[in-house]
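Enquirer: Below you will find the structure I want to go over with you.
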Amino acid sequence: MNTDPQNGYVHLYLADYYREKNKEEEAENHTRKALLSDELDNSFKVQYILRLILSKDSTRVSDQQLKGYMDLLMSKYSDDLTVRALHSDFLKKENKIEEAKNELEYILSQDKDNYMIWEELLLLCNETMDTICMYNKSVEAIKYFPEQPLPYALAGISEMLKKNYENAMEFFQDGLKLVEDQMQLKAQFYSYLGDCYYNLDSIERAFDMFDEVLKINPNNALVLNNYAYYLSLRNENLSKAEQMSSQAVLLEPENGTYLDTYAWVLYMRKDYSQALYYMKLAIQYSPEISGVLYEHYGDILYRNDEKEKALEMWKKALDAGDEVSKDLKSKISGEYTFEN
């Protein structure tokens, strides 16, 4: 077959042809020629390599081959931002998240008008729980793309994680205005606002937000769980709390946090034997047991007349060192009086 050696399209076709025939050497040769061909637009090369990266058939091309192709493109076309974006995708596939973030930041230093690059960077900041990156890059993205809701969500989350709830609410409220037709995202903003209101002691407003979430998605397990737990802490509307918590458990029956909430709601309703059953499941399905969970377990054991084991759990709760009740030490000393 006589072909123009500079015809990159033909080389890509032949690369696929020989790859299907398991003729790896020929496939490799034509792939490299295509990638080095200046007559073939880099966008086609990027699409071709991206297809290989995303292919579910790992036998088509090895990770080492992909790295070789990527190195080839980067060595010749490192000034091409589409190549740099592809390099970021490759690094992400290799779980080199910081290096991928660096690539995206380089692209944005050259061109700030590509929203998809901003979104990719923000999602990587979120994935690594880099709150400084989440906040700074989200605020910067909002300047260029004030109509996009994601930067408002991530800026708000970063503030919420730092317990700056009033600042977080401003971002969530602004983002909420942008998602009229995106119901799931709208529900997410309502959920964030509910958590902020709750932490600012605007309890009724928080519950209004959670109700809005459940109007949109009655099976939002996280909101069902949190709403139920907040009600149980206030010893308020426990029948509603039990219904919501049981629904969360039905949706995710092996979620230790949801099982703990359900056990605690049952405890608050004075159904101590059922509470003990679900608390044991919560312990079973919790990879890491918090002080709160140990304390709940101790309280439930105490109500089931297993007082020695209850004391053991309370001591474990104290040793865990996280957020436990102010009454824990008096429970351990025996000075605490449980209400009838």
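Enquirer: For region 292-321, give me each residue that is over 18 Å from Glu335 (Cα atoms) and hydrophobic (A, V, I, L, M, F, W, C).
Expert: Val292, Leu293, Ala320, listed by residue number.
Enquirer: Confirm whether Gly321 is at positive phi and in contact (Cβ under 8 Å) with a residue 24 or more places away in the chain.
Expert: For Gly321, the condition - at positive phi and in contact (Cβ under 8 Å) with a residue 24 or more places away in the chain - is met.
Enquirer: Quick one: count up the residues across region 167-184 that are closer than 16 Å to Lys215 by Cα and either touching a residue at least 40 places away in the same chain (Cβ under 8 Å) or part of a helix (DSSP H, G or I) (or both).
Expert: 3
Enquirer: Hey, could you check region 133-154 for residues that are among the aliphatic types (A, V, I, L, M) and touching a Leu at 6+ places or on another chain (Cβ under 9 Å) and say which is nearest to Asn114 (Cα to Cα)?
Expert: Selected residue: Ala141.
Enquirer: Give Ala153, Ala206, Ala187 a once-over and let me know the one that is touching a Cys at 6+ places or on another chain (Cβ under 9 Å), in contact (Cβ under 8 Å) with a residue 12 or more places away in the chain and surrounded by 15 or more Cβ atoms within 10 Å (Cβ to Cβ).
Expert: Ala206
Enquirer: Would you confirm whether any residue within region 218-229 is loosely packed, with under 14 Cβ neighbours inside 10 Å and assigned to a helix (DSSP H, G or I)?
Expert: The answer is no, given that none of the residues of region 218-229 is loosely packed, with under 14 Cβ neighbours inside 10 Å and assigned to a helix (DSSP H, G or I).
Enquirer: Where in region 72-138 are there helices (runs of 4 or more DSSP H), lying wholly inside it, with at least 3 residues that are touching a helix residue (DSSP H, G or I) at 6+ places or on another chain (Cβ under 7 Å), open to solvent by 20 Å² or more (accessible area, probe 1.4 Å) and under 24 Å from Leu35 (Cα atoms)?
Expert: The qualifying helices (runs of 4 or more DSSP H) are 81-93, 97-110.
Enquirer: From (1) touching a helix residue (DSSP H, G or I) at 6+ places or on another chain (Cβ under 8 Å); (2) surrounded by fewer than 23 Cβ atoms within 10 Å (Cβ to Cβ); (3) closer than 21 Å to Pro149 by Cβ, pick out the condition that doesn't hold for Lys215.
Expert: In the conditions (1) touching a helix residue (DSSP H, G or I) at 6+ places or on another chain (Cβ under 8 Å); (2) surrounded by fewer than 23 Cβ atoms within 10 Å (Cβ to Cβ); (3) closer than 21 Å to Pro149 by Cβ, Lys215 misses (1) alone.
Here is a yes/no grid of residues against (1) under 21 Å from the mean Cα position of the chain (by Cα); (2) farther than 20 Å from Ile157 by Cα:
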residue: Lys186; (1), (2): yes, no
residue: Ser239; (1), (2): no, yes
residue: Glu242; (1), (2): no, yes
residue: Glu252; (1), (2): yes, yes
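The values are calculated or read from the model by the stated rules, or taken from the named source; none is laboratory data. This is a predicted model, so every value here is computed, not measured. With ideal geometry, Cβ positions are generated from the backbone for all residues, glycine too; neighbour counts draw on all protein chains shown. Note: areas computed on protein heavy atoms with side chains; ligands, DNA, RNA excluded. Shrake-Rupley method; radii C 1.70, N 1.55, O 1.52, S 1.80 Å.
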